[in-house]
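Throughout, read-outs are computed from the coordinates displayed, never taken from laboratory work. Bear in mind the structure is a predicted one, so any value in this text is a computation, not a measurement. Ideal geometry is used to build each Cβ from the backbone, glycine not excepted, and the neighbour counts take in all protein chains shown.
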Amino acid sequence: MAIANYLYLSAILFTIGAVGVVVRRNAIVVFMCIELMLNAANLAFVTFARVNSNLDGQVVAFFTMVVAACEVVVGLAIIVTIYRSRRSVSVDDASLLKQ
Amino acid sequence: MLIAPSLTYSLLAPILIVLAGALIGVLVEAFLGKTHRPAIQLTISIGSLLLALQQLWQIRDSSSLTAAVNSVTIDKAGIFLQATIVLLSLAAVLLIADQENFVAQASAIPGSIEERSALEQKNQQTEIFPLFLFAVAGMMLFTIASDLITLFVALEVFSLPLYLLAGLSRRRRLLSQEAALKYFLLGAYSSAFFLFGSAFLYGYSGTISLSGISAAAGNGNDIFLLIGIIFVSVGLLFKISAVPFHSWTPDVYQGAPTPITGFMAACTKVAAFGAILRIFYVGFAQSQTQWRPIITVIAIITMLFGSLVAIAQRDVKRMLAYSSIAHAGFLLSGVVALNKDGLAASLFYLFAYGFATLAAFGIITLIRDSTGEVTDLNRWVGLGRKSPLVSAAFAFLLLSFAGIPLTAGFVGKFAIFSAAYKSGNISLVVVGVLASAIAAFFYIRVIIMIFFTDPVNNSVSVIIPSIKSKVSIVASMIISIALGIAPSLVLTTASNFANFVK
């Protein structure tokens, strides 16, 4: 399979994630879309590692996974706190700051 | 076969010390009782910051590309930026130490019995200190990182603690939690853009180091380069809250606990601009035709938008948020200038703006009624008669933001605009001066409200600050005033340190 196809797939995944963040209302789903974007970037990195025939891109992919895991910890902590005080994780309900 | 990386510990010491302080702080949380924690945590924070500052002083003349296997660059500009961050953090930690502003127990549901009992037992969320130190270390690393992977990791290391800190306000907790959610979701969104852009820069140049990207200019696929520059810029412009990536700024500034807002406004801006300057001056300088027009337009829109929308604000924290957006525009002029003067001017501007911002948010924490801080500008009317000294200090800071002569803001703006002029960007200078005039209008409107309007009968008062807050605010004020009267010391230092090693 041509290597460009992996890049197209990565771009498609990234776009799905980016659009999902904008249109979805549930904070958890928004968060999952962000994770999808990170993974799309990972796919691009690994593909380019193959194209450039060096390992830097694969190393970056590992770091991204670790960072994404940390992000999950912080993100879920914030979302759970919001849920406990409002019984809702809709990003539309969180609108006290709009004046 | 794996080769052990060789690290030059002496050059990395400032960051390592701050990280060690943070880790010790985590252990203190685990093993010490709650009565001792606040004092010990504060001591650790101040101690590690002072040690880091001393280390920075020792390595002030060093420069090295290989301190951590090409991942960081130690150079003059990096050391100046790191020192700025450490100094600002020292002032910020004293404000943060005033636990009055922070939640007693973050996990308790607002308004619940748990929350009330936590308040009665005078619980304190001292985890704030380690989180703060992690953020500081991440910011320091961000300014000297010289490859894409280190940039990304540093970006997350300083952002993740800030997302949490934004949600820890003692009063109006729902607002604070909402600010944390918005900051987190939009922040993570923008880091995803940054990462995707990094992938394409890697694809373009075959290397993740900034110097490698610069060296590859003209040899690779220009589409990849363009995609890479645009997406990486989106991630960075979000952090400095440039228009159109600014929408989080007013909400987060308003919702977060005020000392954290001050820390975030001052230090994030220094760190993010440090990284932007390095990336554009070192990594993208060879491909400037690709990005300079876009960044120029963004700088113009940001200056005008920030200044215009600030006029309509009724909340002092939101007003300062829009003012910070406008300042991001002024600072972007320094990036577009792409010459040594631009770099020196940006360094000075960041230093001056950081202390003025910190002092301004420090003063906001003092103005209260029975329910907490009063940020509604309509209730600040006539404050000048109740407490002339604090009001005069705030007015001075507003004049400095506006860039009135004899203040640090004027010197900074003058330096930035003359650098932009030298690089031939007349349009930026014209719009910049125009935006400054608009900005001056609303700053002066606030000063008139405070001093020259009859006080309405309300319960707003200026509390007597604790010693820690007092030291922090007074020190920031003295630096702001000194920078206005005698800017040459810092200005010369900034231009001596305005040098990126490539």
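Mean 1/r over all different Cα pairs, inverted: what Kirkwood radius does the protein assembly as shown give, in Å?
24.3 Å
In deg cm²/dmol, rounded to 500, what helix-only [θ] at 222 nm does the protein assembly as shown give when every DSSP H run of at least 4 residues adds -39500 (n - 2.57) and the total is split over its residues?
-24000 deg cm²/dmol
Classify chain B: rounded, prolate or oblate, from the alpha-carbon gyration tensor (a ≥ b ≥ c, eigenvalue square roots; a/c under 1.5 rounded; otherwise prolate if a/b is larger than b/c)?
Here chain B falls in the oblate category.
Please give me the summed charge of the neighbours of B:Leu95: other residues whose Cβ is under 11 Å from its Cβ, Lys and Arg +1, Asp and Glu -1.
Result for the local shell: 0.
Say the dipole of the protein assembly as shown comes from +1 at the beta carbon of Lys and Arg and -1 at that of Asp and Glu; which of B:Gly218, B:Ile447, B:Thr407 then lies farthest toward its positive end?
About the Cα centre, the residue reaching furthest to the positive side is B:Ile447.
Provide the per-residue ³J(HN,Hα) series for segment B:316-321, in order, calculated from phi with Karplus coefficients 6.51, -1.76, 1.60 and θ = phi - 60°, each as a whole number of Hz, with x at glycine and proline positions.
5, 5, 5, 4, 5, 5
Each residue of segment B:472-486 in order: what ³J(HN,Hα) in whole Hz does its phi give by Karplus 6.51 cos²θ - 1.76 cosθ + 1.60, θ = phi - 60°, with x for Gly and Pro?
Computed from phi, the couplings for segment B:472-486 are 4, 5, 5, 5, 4, 4, 4, 5, 4, 5, 4, 5, x, 7, 10 Hz.
Summing +1 for each Lys or Arg and -1 for each Asp or Glu, what net charge is found among the other residues whose Cβ lies under 13 Å from the Cβ of B:Ser333?
Surrounding charge for B:Ser333 is +2.
B:Lys122: which aspartates and glutamates have alpha carbons under 14 Å from its alpha carbon, excluding same-chain residues fewer than 8 sequence positions away?
B:Asp98, B:Glu100, B:Glu114
Cα gyration tensor of segment B:145-295, axes a ≥ b ≥ c as square roots of the eigenvalues: rounded (a/c below 1.5), prolate (a/b > b/c) or oblate?
Because a/c hits 1.5 or more and a/b exceeds b/c, segment B:145-295 counts as prolate.
Just report the Cα centroid separation between segment B:395-411 and segment B:415-468, whole Å.
Between the Cα centre of segment B:395-411 and that of segment B:415-468, the gap is 7 Å.
Which one, A:Val22, A:Val46, A:Val89, has the greatest fluctuation when you compute a Gaussian network model over chain A with C-alpha springs under 10 angstrom?
It is A:Val22.
Please list, short to long, the whole-number percent of alpha-carbon pairs of segment B:146-199 in consecutive 10 angstrom bins beginning at zero.
Spelled out bin by bin, segment B:146-199 gives 25, 43, 23, 9, 0 percent.
Among rounded, prolate and oblate, which fits segment A:25-86 when a ≥ b ≥ c are the square roots of the eigenvalues of its C-alpha gyration tensor, a/c under 1.5 means rounded, and a/b larger than b/c means prolate?
oblate
Could you pull out every residue, at least 5 positions away or on a different chain, whose amide H is within less than 5 Å of the one on B:Ser146? Hs are placed 1.01 Å off N in the peptide plane, and Pro or chain starts have none.
Under 5 Å from the amide H of B:Ser146: B:Val72, B:Thr73.
Find the centroid of the Cα atoms in segment B:1-71 and in segment A:1-80, then give the distance between the two in whole Å.
Measuring centre to centre over Cα atoms gives 31 Å.
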